[in-house]
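Below you'll find the structure, written out as structure tokens, and then a few comments.
The values are calculated or read from the model by the stated rules, or taken from the named source; none is laboratory data. Computed from a prediction, not measured in an experiment: that's the story for all the values here. Cβ placement follows ideal geometry from the backbone for every residue including glycine, while neighbour counts extend to all protein chains displayed.
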């Protein structure tokens, strides 16, 4: 799990380095395209049966939200410090819990509601509206968290009938052509060093997800959640080394508050799911 967090953290560096030459929307395309190339042998091995599904509209919706979210997140990384974008990304599970209550009809009890409120207080500590102007980058980072939450809810819906292999295959296949459409308007062929950063980005993302998936197989999500906070000091260190970024004390405090709220929400959801399963 620690290896996955390190790799996920390095992705922010590679995105920022790639965006020195390329528009973030083009980086989004190459991230998806190169990931598809890396996954192609696995998809071929699965055979045509992996695409058998009656829920293609839901897969399409998931891909659209994912591409929009990735675009928002990648652009945010070019506008604000890596640590700030990472801290704001911790709000995604909070938005997912709200969405699960409003859309899926899940019951969210008092303690989780309080945790969600504290999570958003943490977000306000980082943004400090009224004291500082909320930057476009911060708004894009929040938009990224919201779209992540939406895709989590869609995947939750898909897992009731679909195989994990089918969910992964459709994600890889649909997101590349969708990401290509906006990238065309900013097209520029990467130079040699940018190709290096793009391949590092795709490799880190693919390897990170494989490690994360393996970690989930070996331990419960609620047990792994606390390790997610490790991303903040790692990304802060990388941001300082590569881009001379120095996170403010408010990013550290707000990020910690958001994370603690998210960790509690995740723990409660895992506990409730276990109780339902046992009954």
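Screening residue 42 with (1) assigned to a helix (DSSP H, G or I); (2) within 24 Å of residue 6 (Cβ to Cβ); (3) in contact (Cβ under 8 Å) with a residue 24 or more places away in the chain gives one miss only, at (3). Evaluation of residue 140 against the conditions (1) touching a helix residue (DSSP H, G or I) at 6+ places or on another chain (Cβ under 6 Å); (2) touching a residue at least 60 places away in the same chain (Cβ under 8 Å); (3) farther than 16 Å from residue 81 by Cα shows that the sole unmet condition is (3). Within region 79-102, being in a helix (DSSP H, G or I), under 22 Å from residue 31 (Cβ atoms) and more than 16 Å from the chain's Cα centre (by Cα) holds for one residue alone: 79. Flag: residue 49 does not match the condition of being within 19 Å of the chain's Cα centre (by Cα) and either more than 22 Å from residue 135 (Cα to Cα) or touching a residue at least 60 places away in the same chain (Cβ under 8 Å) (or both).
Among the residues of region 169-183, are any touching a residue at least 60 places away in the same chain (Cβ under 8 Å), more than 26 Å from residue 76 (Cα to Cα), surrounded by fewer than 17 Cβ atoms within 10 Å (Cβ to Cβ) and touching a helix residue (DSSP H, G or I) at 6+ places or on another chain (Cβ under 6 Å)? The answer is no; no qualifying residue exists. For region 51-78, the tally of residues that are surrounded by fewer than 17 Cβ atoms within 10 Å (Cβ to Cβ), at pLDDT below 90 and part of a helix (DSSP H, G or I) stands at 3.
Could you pull out the residue among 213, 176 that is more than 24 Å from residue 24 (Cβ to Cβ), part of a helix (DSSP H, G or I), under 21 Å from the mean Cα position of the chain (by Cα) and at pLDDT below 95?
On the way: 176 fails: more than 24 Å from residue 24 (Cβ to Cβ).
On inspection, the qualifying residue turns out to be 213.
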